[in-house]
Amino acid sequence: MSDNWLTYGKKNSEYFEVHLVDHRNHGSSFHSDEMNYTVMTEDLKRYIDHYNLSDILLMGHSMGGKVSMNFACMYPELISKLIVIDICPKKYKINFTDLFNAIHDMPLEDISSRKSAEEFMEKRISNYGIRQFILKGLYRGDDDLLAWRFNSKVLEREIVEIGKELPSSFSFEKETLFLSGEKSDYIVDADSEIIKHHFPNSKIVEIKNAGHWVQSDNPEDFSQQTDLFLRG
């Protein structure tokens, strides 16, 4: 969700025109029963066309990284550089059962504060970073009750679709940076081959002391590596 990127975006707005985009069924974006990389890539294309953007430095994390890879391969003329965070072009078998169960089980009608929501989640999700990421999806609606911004039912239903690999014919020739978390297994040494197949002008940099949420686990090293790449 884009509000997880506000600090990073504000910092970089000194040098770039920054756009923080929520994909469908996430954050402040619209909900839809259709959820796959084709429609999400076209969502991004419509956004870019609407704002008449070009020479784009495109960055995406996890599922957003997969969307960014698809977009760069389909519309390379719009992209100058690409950063992909802790995801690669391969197929993933994703298991977020515990996470989705925790979301569905939260009795929102009885949760009166963010503190109560955090206490509920703490008993079900041990990882602090994941808990905070999920809790940022809560908002207070017009009826003054807490609700989820993301469409968890569709996300859970389409989890296999979200794990799909990049089409084998897709490639992007321009500079690409893959950032992996040292404590994450989303990018492993063996993935360098498939990464080079799709992104021949790419490099992989590991961020120390970081899991899948690289940008929040080690924001200093993350910013240093992205700054070097984007301004180089």
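Below, the figures for the structure above:
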| item | result |
| --- | --- |
| Computed magnitude of the charge dipole of the chain (debye, nearest 20; Cβ of K, R +1, Cβ of D, E -1) | 240 |
| Simple label model, 7 Å out from Cα along Cβ direction - Arg114 to Leu145, nm | 2.1 |
| Percentage relative contact order, the stretch 96-158, counting C-alpha pairs under 8 Å, at least six apart | 34 |
| Relative contact order computed over the chain (Cα-Cα under 8 Å; 6+ residues apart), in percent | 21 |
| Dipole axis of the stretch 58-118 (+1 Lys, Arg; -1 Asp, Glu on Cβ), positive-most option in Met74, Leu58, Ala102 | Met74 |
| 5 angstrom amide H check on Met59, placed H, neighbours 5+ away | Ile83 |
| Relative contact order computed over the stretch 150-232 (Cα-Cα under 8 Å; 6+ residues apart), in percent | 28 |
| All Cα pairs of the chain, percent lying beyond 22 Å | 54 |
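Rule-based calculations on the coordinates, nothing more; no lab input. Bear in mind the structure is a predicted one, so any value in this text is a computation, not a measurement. FYI the Cβ positions are ideal-geometry reconstructions off the backbone, even for glycines, and counts take in every protein chain you see.
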